[in-house]
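Working notes, structure below.
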Amino acid sequence: GAIIFKDVHFAYDPQRPILKGVSFEVPAGKTVAVVGPSGAGKSTISRLLYRFYDIQQGSITIDGQDVRDVTQKSLRSAIGMVPQDTVLFNDTIAYNIRYGRPSASDAEIRQAAEVAQIGHFIHDLPDGFQTKVGERGLKLSGGEKQRVAIARTVLKAPPILILDEATSALDTTTEQEIQTALDVVSKNRTTLVIAHRLSTVVGADEIIVLKGGEIAERGTHTALLEKK
Ligand code: ADP
Ligand code: ADP
């Protein structure tokens, strides 16, 4: 699933362009990161990929197919997203991981949980997984919620992955642990990473710096650091 943005122009409000001719490619199986200041249009790029909005000019293709010619349903099944903030159901962790995949087996859920490093959450629970998220209540940390989102994505195994500031809300130790899980999930998958800071996207094949609606710089992490 290669993603190609070609001369993409987009505005929510015609008076205020958000993307002014943005072109980049995420080759199949590679990882490209979009970084830039808050409000630069990074999340907009992921919404456009889902075709939540239509662009005014240019094209967005996945595997050579214009997203305008793909149904919302197949876009959603092709793309997996680890969002900034995961909202969980007041039910078991297993239920939350299973969400959207009712036919997933217990073994598959367990395996997904292990990749996301939350295997211990469901591990020692007998049949009806007795730990409810609600009982742990809001004590579930941002990192733990993030791992549930990762486990969902592991289960879904989509060809395309969007990581939207997936580690931004975490402390450094948790961030490193989550990063390890994300590296496993994104390996050999076409991955678009949306990030605030350059330091969180060291491993990307290409980094695109978005500023004022345009690509200000692009290159590997090392190349971009050398320019500074
Ligand atoms: P980033 O992810 O880089 O922080 P966004 O893509 O979320 O930036 O937003 C880019 C700009 O578009 C911001 O100025 C934001 O206020 C504006 N914006 C985002 N969503 C909408 C919307 N639904 N309607 C109008 N403006 C929006
Ligand atoms: P699934 O395809 O896993 O059954 P959905 O159809 O609910 O699940 O959602 C498909 C993908 O779209 C999921 O990865 C989900 O995170 C993402 N998604 C759903 N709503 C939004 C949204 N408002 N903004 C960004 N991503 C979304």
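Here are the numbers for this structure:
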quantity: Test set (1) out of contact with any Asp or Glu (no Cβ under 6 Å at 6 or more places or on another chain); (2) within 16 Å of ligand 2 (Cβ to nearest atom); (3) under 23 Å from Ala2 (Cα atoms) - Gly64 fails condition number; calculated: (2)
quantity: Condition met for Thr180 (modelled with pLDDT of 80 or more, outside any helix (DSSP H, G or I) and either more than 17 Å from Ala94 (Cα to Cα) or among the polar types (S, T, N, Q) (or both)); calculated: no
quantity: Candidate set: segment 65-109, residues that are of a type in the set (Ser, Thr, Tyr) and within 18 Å of the chain's Cα centre (by Cα); chosen: the one surrounded by the fewest Cβ atoms within 10 Å (Cβ to Cβ); calculated: Ser74
quantity: Extreme residue, farthest from ligand 2 (Cβ to nearest atom), among residues of segment 67-87 that are in contact with a strand residue (DSSP E or B) (Cβ under 6 Å, 6 or more places away or on another chain) and not in a loop (DSSP other than H, G, I, E, B); calculated: Val67
quantity: Residues located in segment 157-167, provided they are buried (at least 21 other Cβ atoms within 10 Å of the Cβ) and more than 12 Å from Ser43 (Cβ to Cβ); calculated: Ile160, Leu161, Ala166, Thr167
quantity: Residues of segment 90-100 satisfying the condition of being in contact (Cβ under 8 Å) with a residue 40 or more places away in the chain and closer than 18 Å to Ala112 by Cα; calculated: Asp91, Thr92, Ile93, Asn96, Ile97, Arg98, Tyr99, Gly100
quantity: Of all residues making up segment 51-80, the number that are in contact with a helix residue (DSSP H, G or I) (Cβ under 9 Å, 6 or more places away or on another chain) and within 17 Å of Phe24 (Cβ to Cβ); calculated: 8
quantity: From the options Ala195, Ala216, residue that is of a type outside the set (Ser, Thr, Tyr) and over 15 Å from Thr31 (Cβ atoms); calculated: Ala216
quantity: Search result, residues across segment 179-208 that are free of Cβ contacts under 8 Å to residues at least 60 places away in the same chain and of a type in the set (A, V, I, L, M, F, W, C); calculated: Val202
quantity: Search result, residues across segment 1-37 that are assigned to a loop (DSSP other than H, G, I, E, B) and within 27 Å of Lys187 (Cα to Cα); calculated: Gly1, Ala2, Pro27, Ala28, Gly29, Lys30, Gly36, Pro37
quantity: Residue satisfying all of: in segment 19-50; within 16 Å of ligand 2 (Cβ to nearest atom) and not small (Gly, Ala, Ser); surrounded by the most Cβ atoms within 10 Å (Cβ to Cβ) among these; calculated: Val34
quantity: Evaluation of Leu48 against (1) part of a strand (DSSP E or B); (2) at pLDDT 95 or above; (3) within 14 Å of ligand 1 (Cβ to nearest atom); (4) under 27 Å from Leu170 (Cβ atoms) (one fails), failing number; calculated: (1)
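Each row is one residue, and each column tells you yes or no for (1) of a type outside the set (Ser, Thr, Tyr); (2) closer than 19 Å to Ala216 by Cα.
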| position | (1), (2) |
| --- | --- |
| Gly1 | yes, no |
| Ala11 | yes, yes |
| Pro14 | yes, no |
| Gly29 | yes, no |
| Gly36 | yes, yes |
| Ser43 | no, yes |
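The values are calculated or read from the model by the stated rules, or taken from the named source; none is laboratory data. Here the structure is a predicted model, which is why all the values come from computation and not from measurement. Backbone-built Cβ (ideal geometry, glycine too); neighbour counts: all protein chains shown.
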